[in-house]
């Protein structure tokens, strides 16, 4: 796998999950959140759409910039707190149901892709110098 393929796959995860939250925020709430935490107020739906918009921004930027090995490594490290978030809001305070854990699946996939991208970028950078 090349670093560019890893980068584009990371972008795709952000664009798919973020696009869902942006374009159908109430759907995300209805399908991914436990019934006792669901809310259909404007502000909650707006916040979910904002979350999706930010994910889409990062996904689009990931399509147009070039990650270096340091960028992939930084991204992998930045993802670590999100694993704590997913665990906490699934296991301790059960806000996310099994569908809501798609966030965790996406984070695991992106973490793996970040490590693969880091390795590929290190090779590519060594070959270029």
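The values are calculated or read from the model by the stated rules, or taken from the named source; none is laboratory data. All values derive from a computational prediction rather than experimental measurement. Positions of Cβ are generated from backbone atoms using ideal geometry, with glycine treated the same way; all protein chains shown enter the neighbour counts.
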Identify, please: which residue in the stretch 21-33 is assigned to a helix (DSSP H, G or I) and surrounded by 19 or more Cβ atoms within 10 Å (Cβ to Cβ) and is, among those, nearest to the chain's Cα centre (by Cα)? 21
Output for the stretch 75-109, where each listed residue is in a helix (DSSP H, G or I) and either under 22 Å from residue 27 (Cβ atoms) or in contact with a strand residue (DSSP E or B) (Cβ under 9 Å, 6 or more places away or on another chain) (or both): 82, 85, 86, 89, 90, 102, 103, 104, 105, 106, 107, 109
Working carefully through the options 71, 59, find the one that is under 18 Å from residue 105 (Cβ atoms) and either touching a strand residue (DSSP E or B) at 6+ places or on another chain (Cβ under 7 Å) or at pLDDT 95 or above (or both). 59
With 22, 79 as the choices, which residue is over 30 Å from residue 122 (Cα atoms) and in contact with a helix residue (DSSP H, G or I) (Cβ under 7 Å, 6 or more places away or on another chain)? 22
What residue, of 63, 113, is surrounded by fewer than 18 Cβ atoms within 10 Å (Cβ to Cβ), touching a residue at least 24 places away in the same chain (Cβ under 8 Å) and under 25 Å from residue 3 (Cβ atoms)? 63
Got at least one residue in the stretch 113-129 being assigned to a loop (DSSP other than H, G, I, E, B), farther than 19 Å from residue 35 by Cα and at pLDDT below 95? yes
